[in-house]
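Peer 1: Pasting a structure here, questions to come.
The values are calculated or read from the model by the stated rules, or taken from the named source; none is laboratory data. For clarity, every value in this text was computed on a predicted model and none was experimentally measured. Every residue, glycine among them, receives a Cβ derived from its backbone with ideal geometry; neighbour counts consider all protein chains shown.
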Amino acid sequence: MKKKKIPAFLLAAVLLFHLLPLPAARAAAPGAETDALEQEIAQYNYIIGANAFSPGYRFTDMEPLMEMADRIVAWGSNMIKFSAGSDPDLVDRLLANYDFDYVFMWFRSSGAFRDGYDAAEAQADYDAVYALTQKLLRAYGGTGKRFYIGHWEGDWYYLENGDQRQVDDTVTEGMIEWINTRQRAVDDAKRDTPHGDVYVWNYLELNRPADAMNKGYDRVVNRVLPFVNVDYVSYSAYDSMDKSALTVRRTVDYIYKNLPEKSGVPGPRVFIGEVARPAAYCGFSDARHCSANLAILSKYLRCEVGYVLYWQMYCNETQPDGSFRGYWLIDSEGNRTQLYEKLREAFADGRAYVEKFASQNGRVPTNREYRRFLLQHPVFVRARVCDFFESLFEKCRSAADKIAALFGGAE
């Protein structure tokens, strides 16, 4: 059979097709990358924030949480930590009025697991946390908001008293199951609920890691944390804030050492859930209160932490005589403290830094880059110097008083 001859023009077309370069990948829509960068700038994590819990005073007829939220927004922060109790709708009321990008909440915070964590308790917690997570994913999709669901200081649930060395296995197993149940609820709700550009995470809060690190005592950090699948760890850091910066870093590193790895969770995975020195411990000197707390914040900014949340906007604790201890940014007379003003200055300069950095680099600063910026900011540099000399003076005066007392002498 005679073979048909392929026309020359077809051969030429095939050859030309193979010589042509492959088409380039489709470029992003004009302005898409710019829009994404602008959103990152608008919702940037400025690391420092404040708690808003059960204030002992207020100055308006607003709901206490809303009044403190109003003050936090005016202060310049885009994050808040508060207690939702068992009310899944409180967060909606808050965000209907205040556009926070980072929302930390205690939800169903309880030590009921201490006598054993039965199936009914686990199911109730699972259902409630699952429903809250699903609601947040559906209601705030496309907003870029980040929600962190957690609880109060876990070691105070775990321990009968602060000097306890060993904890019963029933309590340990109960807390492990409680945390894992909450985490499973968050993970399952995220798996089951279509969503985008909204983020919900679960965290465990601990507050006595130094006891485990230094003395080997049973604490949440070494008896519970290694056995849970938690997203994040909040450290209520009063047990290390008066230690050296090196000891603070060792403590945070110890928490990381006990935190199981987990993929898909952006770091840093440890944050400071609360820390502060009250004004009462500074002789109610506003200047001393300011420098002392800035120096404390600086210690944690040197560590790999995602947030440092100050305790708090309004004070919630009183002394035996009924006066406030001074855990505040705005005092009981309505005065904005020096600490409030200095941190507001840092927020304003931080926003300018982030915008300039983004325009020069086409991205926002990393967590580490922004922490470095804060540590080099005059507000924090001056505070560390002042705190050093004030502490040195106090130690010298204390030593002089002891010497005087030893020799029975001077006033």
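Peer 1: Restricting attention to region 382-411, and to residues there that are under 30 Å from residue 304 (Cβ atoms) and either among the basic types (Lys, Arg) or surrounded by 14 or more Cβ atoms within 10 Å (Cβ to Cβ) (or both), which single residue is modelled with the highest pLDDT?
Peer 2: Going through the qualifying residues, I end up with 382.
Peer 1: Also, I was wondering about something else. Considering only residues of region 191-246 that are modelled with pLDDT under 95 and not in a loop (DSSP other than H, G, I, E, B), which is nearest to residue 82 (Cα to Cα)?
Peer 2: 245
Peer 1: Just checking, does region 232-255 include any residue being polar (S, T, N, Q), over 18 Å from the mean Cα position of the chain (by Cα) and closer than 20 Å to residue 306 by Cα?
Peer 2: Within region 232-255, one or more residues are polar (S, T, N, Q), over 18 Å from the mean Cα position of the chain (by Cα) and closer than 20 Å to residue 306 by Cα.
Peer 1: Spot the failing condition for residue 212; the list is (1) touching a strand residue (DSSP E or B) at 6+ places or on another chain (Cβ under 8 Å); (2) touching a residue at least 40 places away in the same chain (Cβ under 8 Å); (3) not hydroxyl-bearing (Ser, Thr, Tyr), and only one is missed.
Peer 2: (1)
Peer 1: So which residues in region 178-206 are hydroxyl-bearing (Ser, Thr, Tyr) and over 21 Å from the mean Cα position of the chain (by Cα), if there are any at all?
Peer 2: 181, 193
Peer 1: If you don't mind, there's one more thing I want to ask. Look through region 298-308, keep the residues that are among the hydrophobic types (A, V, I, L, M, F, W, C) and in contact with a Phe, Trp or Tyr (Cβ under 7 Å, 6 or more places away or on another chain), and return whichever of them is nearest to residue 381 (Cα to Cα). Write out each step before concluding.
Peer 2: So in region 298-308, the residues among the hydrophobic types (A, V, I, L, M, F, W, C) come out as 301, 303, 305, 308.
Right, trim to in contact with a Phe, Trp or Tyr (Cβ under 7 Å, 6 or more places away or on another chain) and you get 305, 308.
Numbers: 305: 19, 308: 17 Å.
The qualifying residue nearest to residue 381 (Cα to Cα) is 308.
Peer 1: I'd like to verify a number: residues in region 234-260 that are more than 19 Å from residue 296 (Cβ to Cβ) and in contact with a Lys or Arg (Cβ under 7 Å, 6 or more places away or on another chain), how many?
Peer 2: 1
Peer 1: So in region 241-255, with the set limited to residues that are farther than 27 Å from residue 147 by Cα and hydroxyl-bearing (Ser, Thr, Tyr), which one is surrounded by the most Cβ atoms within 10 Å (Cβ to Cβ)?
Peer 2: 247
Peer 1: Any residue that is farther than 30 Å from residue 180 by Cα, of a type in the set (Lys, Arg) and over 21 Å from the mean Cα position of the chain (by Cα) - is there at least one of those in region 271-279? Give the derivation first.
Peer 2: First, the residues of region 271-279 that are farther than 30 Å from residue 180 by Cα: 277-279.
Among the residues that remain, those that are also of a type in the set (Lys, Arg) are: 277.
Then keep just the ones that are over 21 Å from the mean Cα position of the chain (by Cα); that gives none.
No, that holds for no residue.
Peer 1: Return yes when residue 84 is more than 26 Å from residue 371 (Cα to Cα) and surrounded by fewer than 17 Cβ atoms within 10 Å (Cβ to Cβ) and no when it is not.
Peer 2: It is false that residue 84 is more than 26 Å from residue 371 (Cα to Cα) and surrounded by fewer than 17 Cβ atoms within 10 Å (Cβ to Cβ).
Peer 1: A further question follows. Could you check region 73-92 and list, in sequence order, the residues that are under 21 Å from residue 138 (Cα atoms), in a helix (DSSP H, G or I) and either β-branched (Val, Ile, Thr) or free of Cβ contacts under 8 Å to residues at least 12 places away in the same chain (or both)?
Peer 2: If the condition is that a residue be under 21 Å from residue 138 (Cα atoms), in a helix (DSSP H, G or I) and either β-branched (Val, Ile, Thr) or free of Cβ contacts under 8 Å to residues at least 12 places away in the same chain (or both), then 91 is the only one that fits.
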